Amino acid sequence: MNWRNFKYWQMGLLFGAVFFIGASQPGSPVKVRYHITEESKLFLKGTTNVNAFSCDCTDRFPSKYLEAESQGGQTRYKNAGIRITVDNFNCRNRKIESDLQKAMKSDKYPHISIELAETWQDERCLNGKCKDWFEVTAKARITITNVTKERLIVAKAKVLGNNRFLLRGEESLNMSEFGIDPPHAMFGLIKVNDKITFHFDLTVEAGEHL
């Protein structure tokens, strides 16, 4: 439930890096392959009225193609979507995992869908002239339990070279924004707080214009 929000966040970021490749031909749409490497880390942190918890995303994402078109520091995308499996979260506590899956109705809505629309960044960074961290803002549409929200996401990125990019950040969201009631346990004595913080440290590889 909570982590789903983090996913949309992750998504906007990962594609926020791929924009570099699309920028090689300003104003001309190009198809680009992207891949989130296995060393990437995605996790969420939350609290209850008695303790704190952390859940790791265990999904592995295959290489895919998207269409990107850049003009100045803005990049627009088509087919830049990703699906995250609701049940693939490891909280190291089966009770927490079960409560989250139930709250998110994973039996009916097994995936979280994220669609990237646009990103904005310093145009110099698109041309490889930023040697340090720089800011990326992404517009993404997130669908959780059949509720879709459009959000602006801000993160930081760094060029690692050889079409590899590092994306890092965190974001706090409220589960109730997506119509999800935070889980209760022990006859309502333990309650997950609405606010969840999503953390990501993603290495993205991009290339292969088509």
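A short reminder: the numbers here are calculations on the coordinates, not readings from a lab. Keep in mind that this is a model prediction, so the values were computed, not measured. So basically every Cβ, Gly included, is an ideal-geometry build from the backbone, and we count neighbours across all protein chains shown.
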P(r) histogram, all alpha-carbon pairs of the range 99-210 included - 10 Å bins from 0, percent
12, 34, 28, 18, 7, 1
Ranked highest first by the average count of other Cβ atoms within 10 Å around their residues, in what order do 150-162, 171-183 fall?
171-183, 150-162
Size of the range 26-103 as Cα extents on the principal axes (Å, biggest first)
53, 24, 24
Report, ordered by chain and residue number, the aspartates and glutamates lying within cross-link reach of K45, taken as a straight Cα distance under 18 Å and ignoring same-chain residues fewer than 8 apart.
D56, D59, D87, E97, D99, E170, E171, E177, D181, D194, D201
